[in-house]
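Have a look at the structure below, then the notes.
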Amino acid sequence: MSKLYRISVRKFSVHHSNWTRCWPKPDYGPVEVQRSLLLNGIKVAATKPTGNPIAACTIMYQVGSRYESDDSLGATHFIRTASAASSCAYSGFHKMRYLPQYGASMTCTSNRQTIAYTLRCQPSTFAEMKCYLLDTVLRCYFKQWEIDDFKPLIRDDLHRIPPQTRVIDLAQKACWAGSLGNSMFCEKSRINDMTGETLDNFANVNYKTDHCTVASVGVPFEEVLKMAEAIEPRREKPGPRPLVTPKARRGYEYYDLGPDSDTWICVVVPGCGSCDITNLIMHSIIASACGTENIQDGLHALDRTRQQPLGRMAGGDIYTDYKAFNLSYMDTGVFGIVAKTRACSAWTVAITASEFLTNVGELSCKQIEIGKKRLKVRLALNDDNCIKLAEGMALQLANGVKMDSAKDAIALIDKISNEEVSCVAQCLSKKCERLLFLILDTGTEIE
């Protein structure tokens with residue numbers, strides 16, 4: 001009997017010849033990805049089903065807030081909020097009641113470049129649940145009474161915007177002249193003027209097949225292809241839409257968070273677009289080398305271990321925190337540093353963040369190597385999240401990038417030399433000499 005207890009459950013439950021089959025596979029991420037391009041311009045990608053109990057499918061359009069005109073400013077914020085509203089075939093109440101009964105959910109996310117609708121459900125129910133996704137995306141009908149009901153929610157969204165999200169949004173507004181400066185959120189003064197007809201016109205004009213991508217995780221490729229063909233049965237590809245190239249500028253934005261609030265500061269310079277994947281990875285390595293998050297978080301906000309070298313800039317001030325970030329759109333992007341501090345030290349922190357960004361080209365090879373390791377870990381963390389995988393694959397299709405899993409991304413990072421990353425960092429430093437944008441987001445006036 002004592003020998004029986006020494007046998008592991010894994011080996012004891014199977015035949016001796018099948019012991020090795022019980023161990024997990026060494027690789028991770030999607031096993032195989034199939035891609036296709038329809039004649040009408042829709043790009044499709046699907047990973048091979050691996051038997052996971054959860055699947056996800058994303059329909060993404062390249063129609064973020066940068067494509068809003070003067071008459072439709074704030075439309076993407078309303079569309080994002082109204083994704084749970086009624087459409088032609090199903091009411092909002094029917095969606096809210098029927099989808100959870102089958103363990104399914106539907107989300108809508110948007111930014112300055114894209115808007116994505118994602119369905120998460122069991123693979124066995126996808127054939128039935130996809131009708132709700134198609135109805136929400138293609139047969140959306142914005143009823144005026146529902147839009148009026150959503151307006152209080154839009155106002156609440158403006159109050160619930162996290163300070164870090166708000167200051168980065170303001171930084172881009174100050175950084176770009178033109179449509180790329182449009183905020184992801186509807187301005188308070190425009191909420192009452194938004195109508196269902198405006199949203200319908202925005203969707204009809206911008207939801208075109210030539211900038212539509214469909215991606216899925218855990219769904220058979222044939223099923224995804226049928227759904228993509230149902231989006232637009234016609235084979236004609238629409239004409240290209242005009243796109244105004246954004247122009248960088250030196251700007252300044254200020255927002256009052258109210259009394260007794262933290263002061264948020266953001267300094268940015270123009271970055272790179274997402275079409276050049278190698279350049280994008282190098283910018284991400286630089287951001288990770290500077291420090292993008294805390295190494296460890298304690299029980300409260302002041303109990304944390306910061307990533308260096310940005311974490312060292314705060315010194316002994318426990319109320320001050322620095323983080324680097326990189327945001328990329330199809331043709332351009334921003335690279336910068338965001339800081340949180342108190343109003344009494346805002347000026348010192350702003351100067352420190354500006355000087356660090358100016359000297360970012362002095363990162364050593366050791367720091368760049370640490371940045372590579374940090375980025376590898378961050379890329380691998382989302383390989384078990386089917387929603388992020390589906391949205392990421394749809395974004396890759398839109399930018400013409402082929403990166404099936406974090407394993408491919410890690411291989412690409414290993415191919416990039418530290419000298420190449422150092423050259424890109426030096427280019428960012430040179431941009432600071434010409435263009436430097438400083439945004440103060442504070443709850444107290446600064447003398």
*Starting from the exponent 0.38 and prefactor 2.2 Å, build the expected Rg for the stretch 165-270 from its residue count and divide its actual Cα Rg by it.*
1.53
*Most mobile of Lys237, Lys43, Lys323 in a GNM of the chain (Cα contacts under 10 Å)*: Lys237
_Among the listed pairs Lys48/Lys388; Lys173/Lys247; Lys130/Lys151; Lys376/Lys407; Lys226/Lys407; Lys373/Lys415, those beyond 18 Å (Cα-Cα)_ = Lys130/Lys151; Lys226/Lys407
*Fewest to most neighbouring Cβ within 10 Å: what's the order for Asp331, Asp321?*
Asp331, Asp321
*What span do the alpha-carbon atoms of the stretch 55-122 cover on each of the three principal axes, reported in whole Å from largest to smallest?*
41, 24, 15
*Kirkwood hydrodynamic radius (C-alpha pairs) into Stokes-Einstein, the stretch 33-231, 10 °C and 1.306 mPa s, D in µm²/s*: 90 µm²/s
*asked:* Could you give each residue of the stretch 107-118 its phi-based ³J(HN,Hα) in whole Hz, using Karplus coefficients 6.51, -1.76, 1.60 with θ = phi - 60°, and x for Gly or Pro?
replied: 10, 9, 10, 8, 9, 5, 9, 10, 9, 10, 10, 10
_Check: the chain dipole with +1 on Lys, Arg Cβ and -1 on Asp, Glu Cβ, in debye_ = 1580 debye
*asked:* For a quick check, take a GNM of the chain with Cα springs below 10 Å and name the residue from Ala127, Ala289, Ala75 with the largest mean-square fluctuation.
replied: Ala127
*asked:* So if each residue of separation counts as 0.36 nm, and I subtract the Cα-Cα distance between Ser91 and Lys407, what length gain in nm does that give?
replied: 109.6 nm
*Which whole number in µm²/s is D for the stretch 248-442 by Stokes-Einstein, with the Kirkwood Rh taken over Cα pairs at 25 °C and 0.890 mPa s?*
139 µm²/s
*Fewest first, what order do Trp145, Trp264, Trp347, Trp176 take by the number of other Cβ atoms within 10 Å?*
Trp145, Trp347, Trp176, Trp264
*Label of the coordinate-derived value, log10 I(q)/I(0) by the Debye sum over Cα atoms at q = 0.08, 0.09, 0.11 Å⁻¹, listed as (i) -0.42, -0.54, -0.84; (ii) -0.66, -0.76, -0.94; (iii) -0.53, -0.67, -0.98*: (iii)
*Quick one: order Phe93, Phe185 by neighbouring beta-carbon count within 10 Å, fewest to most.*
Phe93, Phe185
_If packing is taken as the average number of other Cβ atoms within 10 Å across a peptide's residues, how do 60-71, 103-114 rank, most packed first?_
60-71, 103-114
*With θ set to phi - 60° and the Karplus curve 6.51 cos²θ - 1.76 cosθ + 1.60, what are the ³J(HN,Hα) couplings of the stretch 344-360 in order, to the nearest whole Hz, using x for Gly and Pro?*
5, 10, 5, 5, 5, 5, 5, 5, 5, 5, 5, 5, 5, 5, 5, 9, 5
*So in the stretch 33-231, what percent of DSSP beta bridges are antiparallel if you round to the nearest 5?*
85 percent
*Rounded to the nearest 500 deg cm²/dmol, what is the calculated helix-only ellipticity per residue at 222 nm for the chain, with -39500 (n - 2.57) per DSSP H run of length n ≥ 4?*
-12000 deg cm²/dmol
*How big is the equivalent ellipsoid of the stretch 137-198 along its three axes, where each semi-axis is √(5λ) from the Cα gyration tensor, reported in whole Å from largest to smallest?*
25, 15, 11
*Please state the charge dipole magnitude for the stretch 33-231, taken about the Cα centre, from unit charges on C-beta atoms (+1 on K and R, -1 on D and E), reported in debye and rounded to the nearest 20.*
540 debye
_Residue (of Ser124, Ala398, Gln164) at the positive-pole extreme of the chain, dipole from beta-carbon charges_ = Ser124
*asked:* On a full-extension model of 0.36 nm per residue, what is the gain between Val205 and Lys237, subtracting their alpha-carbon distance, rounded to one decimal in nm?
replied: 10.1 nm
*With both partners inside the chain, how many of the DSSP beta bridges are antiparallel, as a percent to the nearest 5?*
90 percent
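Readers should treat all values here as calculations from the given coordinates under stated rules, not as data from a laboratory. Just so we're clear, the structure is a prediction, and the values are computed from it rather than from any experiment. Backbone-built Cβ (ideal geometry, glycine too); neighbour counts: all protein chains shown.
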